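Undergrad: The structure's right below; bear with me while I get my questions together.
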Amino acid sequence: MQLALSGRISEAPHEKTRTLVELPNLAEAAARIGYKALEIRNSQLDTGASHSQITSVRQALQENNLEACCLVADSAHEGIFSPRFDEYLDMAIQLGAKRIRPSIGSIEQIPLVQDAADRAAAFGIELVQFTHHGTPFNSVQGALDMLHRVNRLNVGLVFEAANLYIEGQEYGDDALQALAPYIRHAEVQNMLLVDAADGIPITAQGGYVHYQNIRVDDSRGVDIPGVVSGLKNFGYAGWLVMHSPNFDGLDPLQYAEQAHDYLQGLIDRPA
């Protein structure tokens, strides 16, 4: 397992389309800290980018010996399969990214997903879907059902435990074992369910719950050591993306470094 950093850490708090750290600076910092890849989001590079902008991003990655582990398609619009998928596919090809993370929000979107997956397969690119609240992938059984329906070898899963946690779903060893054949990518963030007066409302568990973003090294919320151990136990050897947002009061690059050291320690911990 190798660590990658999501561009989410550099976004303005509660905004998914505005970055506070330009990608060349983020790439330099990520490499210095020890990350081996970046997950590229709309805030760093979006459709409509010029050839020179895409080239600049590719050069920043190359100069810092980083991979583009994943390109996120329409990160601000969860649950809607991107109508701009072909533009993201073209960007992924130019960046050398082997995975695109779209959002599959319903059974009705499956024909779009299948067509997109077939086009991506011609370039050796996978589509990976987040285990995300408010989508059919918000539980183990829901994810398995959707993946069986999509039925494409290059469509897999991003395992991210916090979204399962806020849905009140299993995310431990049993969940990992059930989903293991489909997990192509893994991400970590931490969230804590709280009373309505203390948190941010979000649609989950058939209504609304309230949560706080907390650090990945906080022992409350998601059992992140258990998640990393579970991934190791079934032999997962892909990317582990530090997906935490830049929430209020954090220095994003300082937090990225602290999170890296914590997660690397979990990866290196003997079984």
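Just so it is clear, none of the values below were taken in a lab; they were calculated from the coordinates. A quick note: this is a predicted structure, and the numbers were derived from the prediction, not measured. Neighbour counts are summed over all protein chains in view; Cβ atoms, including those assigned to glycine, are modelled from backbone coordinates with ideal geometry.
Undergrad: Find the centroid of the Cα atoms in the stretch 222-253 and in the stretch 108-141, then give the distance between the two in whole Å.
TA: 22
Undergrad: Quick one: putting +1 on the C-beta of Lys and Arg, -1 on the C-beta of Asp and Glu, what dipole do you get for the stretch 2-268 around its Cα centre, in Debye to the nearest 20? Walk me through the numbers before you get to the answer.
TA: Working: 18 positive and 34 negative charges, 119 e Å.
Here the size comes out at about 580 debye.
Undergrad: Test of understanding: what is the full-extension gain from H14 to Q212, defined as 0.36 nm times their sequence separation minus their Cα-Cα distance? If you can, show how the numbers build up before the last one.
TA: On the way: separation 198, 0.36 × 198 = 71.28 nm, distance 1.19 nm.
Roughly 70.1 nm would be gained on extension.
Undergrad: Looking at [x] 41, 17, 16; [y] 38, 18, 17; [z] 25, 23, 19, which value of semi-axes √(5λ) of the Cα gyration tensor in Å comes from a calculation on the structure shown?
TA: [z]
Undergrad: Treating only the Cβ of Lys, Arg, Asp and Glu as charged (+1, +1, -1, -1), what charge dipole size does the stretch 1-58 show about its Cα centre? Round to the nearest 20 debye. Provide the component values of the computation, followed by the final result.
TA: On the way: 7 positive and 6 negative charges, 26 e Å.
Approximately 120 debye in magnitude.
Undergrad: Something else: Under 10 Å, Cα contacts only: if you run a Gaussian network model on the chain, which one of G249, G199, G238 comes out with the highest mean-square fluctuation?
TA: Maximum fluctuation in the GNM of the chain, among the listed residues, is at G249.
Undergrad: Determine, for F247, F159, the number of other Cβ atoms within 10 Å of each Cβ, and report the residues in order from fewest to most.
TA: Values: F247 17, F159 29.
Sorted ascending by nearby Cβ count, the order is F247, F159.
Undergrad: For F137, list long-range residues whose amide hydrogen, built 1.01 Å from N in the peptide plane, is under 5 Å from its own amide hydrogen.
TA: HN-HN under 5 Å from F137: H132.
Undergrad: Using a Förster distance of 25 Å, how high is the FRET efficiency between F234 and N151, based on the Cβ-Cβ distance and rounded to 0.05? Please list the in-between numbers first.
TA: Working: r = 23 Å, r/R0 = 0.90.
Taking R0 as 25 Å, the efficiency between F234 and N151 is 0.65.
Undergrad: By Kyte-Doolittle mean hydropathy of at least -0.5 and Cα axial length of at least 30 Å, which whole DSSP H helices of the chain are selected?
TA: Span-like helices, by this rule, are absent here.
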